[in-house]
Amino acid sequence: MLLALTDHLRCTVPHAESWLVARADQVQAGRMVEGVLGCPVCQMEHEVRRGVLHWSAAPGASARAESGSTSPHAPAAEADAETVTRIGALLGFGESTAPFVLTGPSAAAAVGLLGLADAVLVLLDPPDDAAVAFATIIRGAPRVPLAARSTRGVLLDGDWATADQASAAVETLADGGRLVAPVSVPLPAGVRELARDDRQWVAERVAGLVGGGVPIPLRRAAR
């Protein structure tokens, strides 16, 4: 887990927003390998084991977080080049100190994306822990556990692709940050749709947004 990311992480228990306090027991190259993160308000603690942040299920956490999806999975194949290019384009992926968030199966694109640009990546419930050396992996969080207006982009996939998760993710987006989700997920308030195809839509957080814009279709570029 990237130690500097601690400043962006927030407790997900329903109380006033609070940062987390870190106790790093083992650090390598700016990454916490073993340690604990704790909330000074509710005393909830989250363990970092072998570089992976395991989020304790909070009272009222979603069934998704309690379902067993928090366990490490067998090694998964990396995303192909076409998928990486698509995700990068939808998220507006580029060099950034503010994190981009990939959830569920989409996290398989992490290696390919970091071959495109130097950016901070947070992976929520990825298919495996293979990216632990260069991305922050969080397992079992009930929602995106990052501060308001702190992320550059969030892609919802798999069990994360729900209306409630989309609404929660909007709060973490900085102005101009992008949210990507399957077309089955309703567009949440607070973002303007930029484009969609038969698979996904992409939207942008705009300061003071009242109404949505007119979307344009996503089309495959001519070869």
What are the residues whose amide H is under 5 Å from the amide H of R10, where those residues sit 5 or more places off or on another chain and H is modelled from the backbone? L146, A147
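Rounded to the nearest 5, what % of the DSSP beta bridges within the stretch 81-209 are antiparallel ones? Intermediate values should be presented prior to the final figure.
Working: 10 of 25 bridges.
Approximately 40 percent, going by the DSSP bridge assignments.
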Taking the alpha-carbon centre of each part, the distance from the stretch 82-104 to the stretch 108-171 in Å is 9
Mean shadow area of the stretch 81-209 over all directions, Cα convex hull, nm²: 7.0
Could you list which residues have their amide H under 5 Å from that of A195, counting only those 5 or more apart in sequence or on another chain, with H placed in the peptide plane? V202, I216
Where labels lie 7 Å past Cα in the beta-carbon direction, separation of A148 and W19 in nm: 1.7
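With N set to the number of residues, divide the alpha-carbon radius of gyration of the stretch 3-58 by 2.2 N^0.38 Å and report two decimals.
Its radius of gyration relative to the 2.2 N^0.38 Å reference: 1.07.
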Where Lys and Arg each count +1 and Asp and Glu each count -1, what net charge lies around E171 among other residues with Cβ under 15 Å from its Cβ? +2
Under a plain spin-label model, where a point goes 7 Å from the Cα along Cα-to-Cβ, how far apart in nm are E78 and Q43? 4.5
Amide H contacts under 5 Å for R31, placed H, 5+ residues apart: L3
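Rule-based calculations on the coordinates, nothing more; no lab input. Computed from a predicted model, the values in this text were never measured in an experiment. A quick note on method: Cβ atoms are made from the backbone with ideal geometry, for glycine too, and the neighbour counts reach across all protein chains shown.
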